[in-house]
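**Student:** Structure below; questions to follow.
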Amino acid sequence: MPDLSAGYTISKKAAMLFVLLVFALLVLNASLIIQNRSLRASAGTRSPVLHPGSIVPSLSGKDLDGKDFTLSYSNDPRKVVLLVFSPRCGFCTRNMPNWKAMLQSLDRNSYRIVAVSITSDGVKEYVGQQKLTDVPIIAEVDPKSRVSYEMNVTPQTILINSDGKVEKLWIGLLSPDERSEVEQSFSLKLPQITSSNHFSERARIGAG
C-alpha cells in the first residue's frame with residue numbers, strides 16, 4: 001500500500017507557501033496604495049509656480065536663432081527680471097503694455113531683463129508682432145530649467161536677485177494691489193489695463 005504521508009507533507013508545505021505568497025502580495029499592494037495616495041497628496045499641494053525665497057540655478061535654453069543661451073547669477077551683480085510668456089497665451093498679450101513699460105523704464109545697469117517663452121512654436125512670429133526687439137529672448141527652454149523654474153503658468157513676472165534668489169513673483173494680469181507693488185518695487189508707472197477678474201485670467205499653457 002502506497003505511503004500517502006509524504007504526499008500530504010508536500011501538499012501542506014505547498015499550501016503554506018501559497019498562503020505566505022498571498023500575504024506578501026497583499027502587504028506589497030497595501031504599501032503601493034499608501035505610496036500612491038501620498039504622491040497624489042504631495043502633487044495636489046505642490047505650488048505650480050516659484051515663490052519668494054526660492055533659489056534657482058542658471059536658466060538655459062535656445063535663443064531665436066537657435067543658439068545656446070544661459071542666464072547665470074554668479075557673474076553679474078544686477079538683478080534679473082524674467083518675463084515668462086507663451087505665444088498661445090492671450091493674457092500675455094494683454095499684459096504686454098506692463099512689460100513694455102518695464103522695458104522702457106528699468107535701468108539696465110541695475111537689471112537684466114530676459115523674456116522666456118515656455119513653448120517654442122510661433123515664438124519668432126509672436127516676438128515680431130509684439131515688437132520685443134530690445135530684450136534677450138529664450139525661445140526654447142531647456143527641460144531641466146523649466147522644471148527648476150516651475151514654468152507652468154503664464155504670464156509671470158519674476159524678480160530674482162544676483163544670488164539666484166526669487167524676491168518677487170507676479171502671476172497673470174496685475175490686480176490693483178499688485179500694480180502698486182510693482183510700481184513701488186521698480187520705481188516706475190504702469191499703464192492702466194482693465195482686468196475684471198484677476199484670478200480667472202491666470203492661464204496655464206494652452207489655455208490662453
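The values are calculated or read from the model by the stated rules, or taken from the named source; none is laboratory data. What you see is a predicted model; the values in this text were computed from it and never measured. Don't worry about glycine lacking a Cβ; one is built from the backbone with ideal geometry, like all the others, and counts go over all protein chains shown.
**Student:** Within region 77-93, how many residues are crowded, with 17+ Cβ neighbours inside 10 Å and in a loop (DSSP other than H, G, I, E, B)?
**Tutor:** Final tally of qualifying residues: 4.
**Student:** Mind telling me which of the residues Asp163, Asp121, Asp177 ends up being out of contact with any helix residue (DSSP H, G or I) (no Cβ under 7 Å at 6 or more places or on another chain), more than 23 Å from His51 (Cα to Cα) and of a type in the set (Asp, Glu)? Before you say what the answer is, go through the steps one by one.
**Tutor:** Working: Asp163 fails: more than 23 Å from His51 (Cα to Cα); Asp177 fails: more than 23 Å from His51 (Cα to Cα).
Exactly one of Asp163, Asp121, Asp177 is out of contact with any helix residue (DSSP H, G or I) (no Cβ under 7 Å at 6 or more places or on another chain), more than 23 Å from His51 (Cα to Cα) and of a type in the set (Asp, Glu), namely Asp121.
**Student:** Quick test for you: out of Val127, Val114, Val141, Val123, pick the one residue that is surrounded by 15 or more Cβ atoms within 10 Å (Cβ to Cβ), closer than 25 Å to Ser185 by Cα and in the same structural domain as Glu178 (by TED's automatic domain parsing).
**Tutor:** On the way: Val127 fails: closer than 25 Å to Ser185 by Cα; Val141 fails: closer than 25 Å to Ser185 by Cα; Val123 fails: closer than 25 Å to Ser185 by Cα.
The match here is Val114.
**Student:** I'd like the full set of residues that are closer than 14 Å to Met96 by Cα and of a type in the set (Val, Ile, Thr), limited to region 124-161. If you could, list the steps in order and put the result at the bottom.
**Tutor:** Restricting attention to region 124-161, the residues satisfying the condition of being closer than 14 Å to Met96 by Cα are 126-135, 154-157.
Matches in region 124-161: Val127, Thr133, Val135, Thr154, Thr157.
**Student:** Quick test of your reading of the structure: Glu167 fulfils all but one of (1) in a strand (DSSP E or B); (2) surrounded by fewer than 18 Cβ atoms within 10 Å (Cβ to Cβ); (3) without any contact (Cβ under 8 Å) to a residue 24 or more places away in the chain. Name the failing condition by number.
**Tutor:** Looking at each condition in turn, Glu167 falls short on (3).
Residue-wise test of (1) modelled with pLDDT of 95 or more; (2) assigned to a strand (DSSP E or B).
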| site | (1), (2) |
| --- | --- |
| Ser60 | yes, yes |
| Asp65 | yes, no |
| Asn75 | no, no |
| Asn95 | no, no |
| Lys100 | yes, no |
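**Student:** Inside region 59-75, can you point out the residues that are closer than 12 Å to Val114 by Cβ and surrounded by fewer than 17 Cβ atoms within 10 Å (Cβ to Cβ)?
**Tutor:** If the condition is that a residue be closer than 12 Å to Val114 by Cβ and surrounded by fewer than 17 Cβ atoms within 10 Å (Cβ to Cβ), then Asp63, Thr70, Ser72 are the ones that fit.
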